[in-house]
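Here's a structure for you.
Every number here is computed from the coordinates shown, using simple stated rules; none is lab data. These figures come from a predicted structure and were not determined experimentally. We place every Cβ from the backbone using ideal geometry, glycine too, and count neighbours over all the protein chains shown.
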Amino acid sequence: MSNDVKNIIVHRDGDIDLDPVLGRKIAVIGYGNQGRAQALNLKDSGLDVIIGLRLKSQTRADAESDGFPVYGIAETVATADIVTLLVPDEAIPAVFEEEVGPALKQDSQLLFAHGAAVQFGGLALEERYDVLLVAPMGPGRLLRELYLNGSGLNAKAAVYQDVTGKAWDVAFAYAKALGCGRLGVIKTTFEAEAVMDLFGEQAVLCGGIPALAEAAFNTLVEAGYPPALAYVECVREIKYIADLLFEYGLSGMRERISYTALYGGVTRGSRLIDERIKNRLAELLKEIRGGEFYAEFTDSGKTRAELLENLENERIEKARVEYESICSAQE
Ligand SMILES: NC(=O)c1ccc[n+]([C@@H]2O[C@H](COP(=O)([O-])OP(=O)(O)OC[C@H]3O[C@@H](n4cnc5c(N)ncnc54)[C@H](OP(=O)(O)O)[C@@H]3O)[C@@H](O)[C@H]2O)c1
């Protein structure tokens, strides 16, 4: 397994052959966010797809009404040439150990859409099947929507174990069938995908940005400013900046904001994100790379409700409702 991800290699539809997946039975395990979108795209690309779900599944009716044959998980895996494990990350170790691993056929391919369970989960992988990653870079809803309008999402592809010698060809062909070759399939490793995905979520997208927005909101409210307006300044307007970042990049965003915003942002941003924050970011990265985060996450057993119970959401939520009622009253 190579860890060299410095040279980015991208494959597009024109360089990818679909043959390694054509005529082979593909089992999609799980029919949620990724499972449904992937199964439908694969089917529309002409592939033979079956769905594996647990006995008391809540998504069985959706899969059946979309026209898929649905079976139990182990039963589905035992008949498939390619198996994609698309259950939530916290469920992967148990589902793999109990139902998927023992049922996998010799020389089949086992696919993941995120590298963490393999990289950090200590799965007992046997050397009789390939282990691959095809990770679309966005939610299932978008994967499906873009496929239908002739475009696609990027995907990352990696190979952990190549028993058949065909693992890379299958990974790229599978990504092409998802529609990801239209934009580009990026070669990476399980380690890089897992670490960078978790770090981005924790440091920026789902950890850093919400925590900073909430702390800034509280600072204004505690200084006596109206919560509804503090909500607009510190939370709601994130979208305008995010849109500029998405469209034009960091420097393009800076070119398009006012001189006041640029001056304040550049001189104060670097004061906020100082050496102490950089040290904390390095700590987060170390915990992810060392597997401590993954062990803590899979052992925590906490429900979503338990995770949220100590967060002070009420004040900011009230401010959002108040802001929306002010706006709708004016319409
Ligand atoms: N969500 C994203 O935007 C995204 C993007 C890229 C990659 N990924 C990766 O894709 C994978 C799947 O994520 P997801 O968001 O699609 O998951 P998800 O929507 O939460 O998955 C739900 C599906 O998993 C089944 N399931 C849940 N717990 C199970 C268990 N204990 N045993 C068996 N089946 C179980 C559910 O079946 P029931 O009907 O039985 O409840 C349902 O069909 C993950 O590795 C994730 O990191 C996700």
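Sorting check: for 135-144, 320-329, 90-99, which peptide has the highest mean count of neighbouring beta carbons within 10 Å, and how do the rest follow?
Ranked by mean Cβ neighbours within 10 Å, highest first: 135-144, 90-99, 320-329.
Compute the long axis of helix 314-330 from its Cα atoms, compare it with the longest principal axis of the Cα atoms of the chain, and write down the angle in degrees, 0 to 90, nearest 10.
Tilt of helix 314-330: around 80 degrees.
Would you list V232, V118 from fewest to most Cβ contacts within 10 Å?
If I rank by nearby Cβ atoms, fewest first, I get V232, V118.
To the nearest 0.05, what FRET efficiency results for E90 and M137 with a Förster distance of 22 Å applied to their C-beta separation?
0.55
How about K286: which lysines have a C-alpha closer than 20 Å to its C-alpha, ignoring those fewer than 8 places off in the same chain?
K286 reaches K6, K278.
Please determine, in degrees from 0 to 90 and to the nearest 10, the orientation of helix 259-272 with respect to the longest principal axis defined by the Cα atoms of the chain, where the helix direction is its Cα long axis.
70 degrees
Restricting to DSSP H runs of at least four residues, report the calculated mean residue ellipticity at 222 nm for the chain, -39500 (n - 2.57) per run over all residues, nearest 500 deg cm²/dmol.
Calculated from helices alone, the mean residue ellipticity at 222 nm is -14500 deg cm²/dmol.
Report the equivalent ellipsoid semi-axes for the chain in whole Å, largest first, defined as the square roots of five times the eigenvalues of the gyration tensor built from alpha carbon atoms. Don't jump to the answer; show the numbers that get you there.
Working: eigenvalues 314, 101, 93 Å².
So the three semi-axes of the chain are 40, 22, 22 Å.
Could you compute the FRET efficiency for I326 and K25, with r as their C-beta to C-beta distance and R0 at 41 Å, rounded to 0.05?
FRET efficiency, I326 to K25: 0.15.
Now a separate question. How about K43: which aspartates and glutamates have a C-alpha closer than 12 Å to its C-alpha, ignoring those fewer than 8 places off in the same chain?
Those aspartates and glutamates meeting the cut-off are D66.
Can you quote the Å³ per residue value for the convex hull of the Cα atoms in region 10-188, rounded to an integer?
Output value, Cα hull per residue: 100 Å³.
Sticking with this one: Starting from the Cα of D66, step 7 Å toward the Cβ, then list every residue of region 85-107 with an amide N under 18 Å from that point.
Only 85-89 pass the distance filter.
Nearest 10 degrees, 0 to 90: what angle lies between the long axis of helix 208-222 and the longest principal axis of the chain (Cα atoms)?
20 degrees
Checking the cross-link filter: which lysines have an alpha carbon closer than 24 Å to that of K239, excluding same-chain neighbours under 8 positions apart?
K318
Which entries of K156/K176; K56/K156; K187/K302 show an alpha-carbon separation above 22 angstrom in the structure shown?
Check vs 22 Å cut-off fails for K56/K156; K187/K302.
Also: In what sequence do S65, S151 fall when counting other Cβ within 10 Å, fewest first?
Working: S65 8, S151 12.
Sorted ascending by nearby Cβ count, the order is S65, S151.
Rounded to the nearest angstrom and ordered from largest down, what semi-axes does the equivalent ellipsoid of region 201-249 get from its C-alpha gyration tensor (root of 5λ)?
Each semi-axis is the square root of five times an eigenvalue, giving 22, 14, 6 Å.
What percent does the relative contact order of the chain come to when contacts are Cα pairs within less than 8 Å and at least six residues apart?
Once divided by the residue count of the chain, the mean separation gives 17 percent.
Just to be sure I understand the model, the point goes 7 Å from the Cα along the line to the Cβ. What's the resulting V204 to E98 distance in nm?
So the label points at V204 and E98 sit 3.7 nm apart.
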